């Protein structure tokens, strides 16, 4: 009984060590909308990856781990998910209130609509179809702290970001504004610097690599807000690559042993012991 209890505790620790989000100032996770689950995050050579399935819709979830607002400039496949521009950290993004979360489910089409993210073949990715195929397969989030204290009057243009809180509710530190931001904000993932985007040489993939498509139109309400950055350089850049599971296994990113989890009950009945001679 004691040994069984110890083994159970060990299995629990192993299971709980599986990462589903990465980041310091904020946690970034990928939620598989089709499978209703967070995708496990795998690491290799200091980079992070998730495994997607062709046709599956997904969303990017960002949780602010700090006591101040953050601006998240998000890109998918090297494309800014708000403006559709080739992504750069200096562009606009989503404002994430202190200790709150935002969910980014697609490419922003207006202040009320997005086109859903979904995993698709590289050739059908939005970035590829718009002539930018080189950075397909990566999600990035560049995080900026707000300059404190915020000025009463902005003498210089501030970065324009998105918030889902209505104008009447937006006030620094109010619970209502933060709750609204957490519940309604929608957005996407980020591209990092050219140096971070470099991929090491890898074995030939077994399947066509994945990209992110321009999917169905759905409701996502936001509004414009002002945000003055603490500095021009991001306080943190979070980078997460993605591909099919088969390709990540072929590249050695997902260990082969993960292809099949051990089955604790492989047989239904107890066999006879071997005969004694």
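The values are calculated or read from the model by the stated rules, or taken from the named source; none is laboratory data. This one's a predicted model, so the numbers in the text were calculated from it and none came from an experiment. Positions of Cβ are backbone-derived with ideal geometry, glycine not excepted, and every protein chain shown enters the neighbour counts.
What residue, among those in region 222-247 that are surrounded by 18 or more Cβ atoms within 10 Å (Cβ to Cβ) and assigned to a loop (DSSP other than H, G, I, E, B), is modelled with the lowest pLDDT?
Checking each candidate, the answer is 222.
How do the pairs read when you match residues in region 233-251 that are in contact (Cβ under 8 Å) with a residue 12 or more places away in the chain and on the phi < 0 side of the Ramachandran plot with residues anywhere that are part of a helix (DSSP H, G or I) and surrounded by fewer than 20 Cβ atoms within 10 Å (Cβ to Cβ), using Cβ under 6 Å and keeping only pairs 6 or more apart or on different chains?
Correct list of pairs: 239/196.
When you look at residue 253, is it under 30 Å from residue 72 (Cα atoms) and at pLDDT below 95, yes or no?
So residue 253 fits the description; yes.
Mind listing just one residue for me: the one in region 197-217 that is surrounded by 15 or more Cβ atoms within 10 Å (Cβ to Cβ) and closer than 20 Å to residue 79 by Cα and, of those, modelled with the lowest pLDDT?
Out of the qualifying residues, it is 197.
What do you reckon, is residue 124 at pLDDT 95 or above, closer than 24 Å to residue 208 by Cα and surrounded by fewer than 24 Cβ atoms within 10 Å (Cβ to Cβ)?
yes
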